[in-house]
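Please read the structure below before turning to the comments.
The values are calculated or read from the model by the stated rules, or taken from the named source; none is laboratory data. Remember, predicted model here, so these are calculated numbers, not experimental data. Note: ideal-geometry Cβ built from the backbone for every residue, glycine included; neighbour counts use all protein chains shown. Heavy atoms of the whole protein, side chains included, go into the accessibility calculation; ligands, DNA and RNA do not. Shrake-Rupley method; radii C 1.70, N 1.55, O 1.52, S 1.80 Å.
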Amino acid sequence: MSEPKRIPQHVAIIMDGNGRWAGLHGKERYEGHIAGVEPVRASLRAAARWGVKYLTLYAFSTENWGRPAEEVAALMELFCRSVVSETPELKRQGVRIAMIGDRSRFSEKVQRYLAEAERETAGGERLTLILALNYSSRSEITRAVRLLASRAAAGEIAPESIDERMISQALDTAPYPDPDLVVRTSGEQRLSNFLLWQSSYAELWFPEVLWPDFTETDFDRAIEEYARRDRRFGLVK
Ligand code: IPE
Ligand code: IPE
Ligand code: MG
């Protein structure tokens, strides 16, 4: 493969299609989620190889709480198990685990496991893996608006001083650059409440592959696809 010139600094993935994959293989939906763990490892390997600095994975949306209780419970169990089993290897690879979303709705146990993974990998400098958990863009923006409104009400900031930078800084993603490329697997072409503010000028790519079938080669295709795009940011060349 020829070496693409432009590498995205931040890739964000909407990991979709686990349920359909399970259906196609005569399995239960939760088995599709379990099959979705290996593609996470593959994506991390590929991202690290390309020198991508930030990889955001949409793992659980705020709307996903509305799924059947058994599926939600299986997902929570899988998050706990995965962060525990993967943390040593991530640490070895220099991957730092971070999170966006409102974690306060998770059980104490889940919150503890997530916080432990963050603490354990805090020194990782090669790549930051940002897990979007109980994440929805509208809820994130609503929390940010509330924060800025309360700071204005307290006289800490003037309403007219609120600018785009200040809003970005009030979002969960404040420490990270905007995604350059957003990938959604399974052929669906929508964002489903994911990084709406941050993706203003992101390139979008919608491969047909179901998430459990996503491989390092698919990630490589994403990088090649990105290198072909002409980003203009509203300007003329
Ligand atoms: C994505 O796969 C994983 C989560 C939303 C947690 P889905 O479970 O949405 O799979 P489909 O879309 O039903 O195939
Ligand atoms: C988006 O997928 C959320 C995650 C991948 C975690 P969904 O499967 O929940 O989204 P819709 O329902 O197809 O829009
Ligand atoms: Mg889905």
Rounded to the nearest 500, the 222 nm mean residue ellipticity computed for the chain from DSSP H runs (n ≥ 4, each -39500 (n - 2.57)) alone is -13500 deg cm²/dmol
Length gained if residue 147 through residue 188 is fully extended, taking 0.36 nm per residue and subtracting the Cα-Cα distance, is 11.4 nm
Given GluC sites (Glu not before Pro), DSSP loops and at most 11 other Cβ atoms within 10 Å, the longest exposed-site-free stretch of the chain is 1-124
Restricting to Cα pairs under 8 Å and 6 or more apart, the percent relative contact order of region 46-178 works out to 32 percent
At 4 °C in a medium of viscosity 1.567 mPa s, the chain has a Stokes-Einstein diffusion coefficient, with Rh taken as the Kirkwood radius over alpha carbon pairs, in µm² per second, of 69 µm²/s
Here the Cα Rg-to-2.2 N^0.38 Å ratio for region 111-217 is 1.31
If one builds a Gaussian network model of the chain from Cα atoms under 10 Å apart, the most fluctuating residue listed among 20, 165, 49 is 165
For the pair residue 70 and residue 108, the simple spin-label estimate (label points 7 Å beyond Cα toward Cβ) gives in nm 2.9 nm
TM-like helix rule applied to the chain (DSSP H, alpha carbon span at least 30 Å on the long axis, mean Kyte-Doolittle at least -1.0) gives 69-92
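If we count chymotrypsin sites (Phe, Trp or Tyr not before Pro) as exposed when they sit in a DSSP loop and have at most 12 other beta carbons within 10 Å, what is the longest stretch of the chain that avoids them all?
That gives 1-200 as the longest site-free run.
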For the chain, the dipole about the Cα centre with charges only on Cβ (Lys and Arg +1, Asp and Glu -1), to the nearest 20 debye, works out at 360 debye
Highest GNM mean-square fluctuation among 191, 181, 131, for the chain with Cα springs under 10 Å, belongs to 191
For the chain, the accessible surface attributable to carbon and sulfur atoms (probe 1.4 angstrom, ligands and nucleic acids excluded) amounts in percent to 51 percent
Taking a label point 7 Å from the Cα of residue 81 along Cα-to-Cβ, the residues of region 25-46 whose backbone nitrogen sits under 13 Å from it are 30-38
One point scatterer per Cα, no solvent, Debye formula: log10 I(q)/I(0) for region 54-188 at q = 0.10, 0.11, 0.20 Å⁻¹ comes out as -0.40, -0.48, -1.26
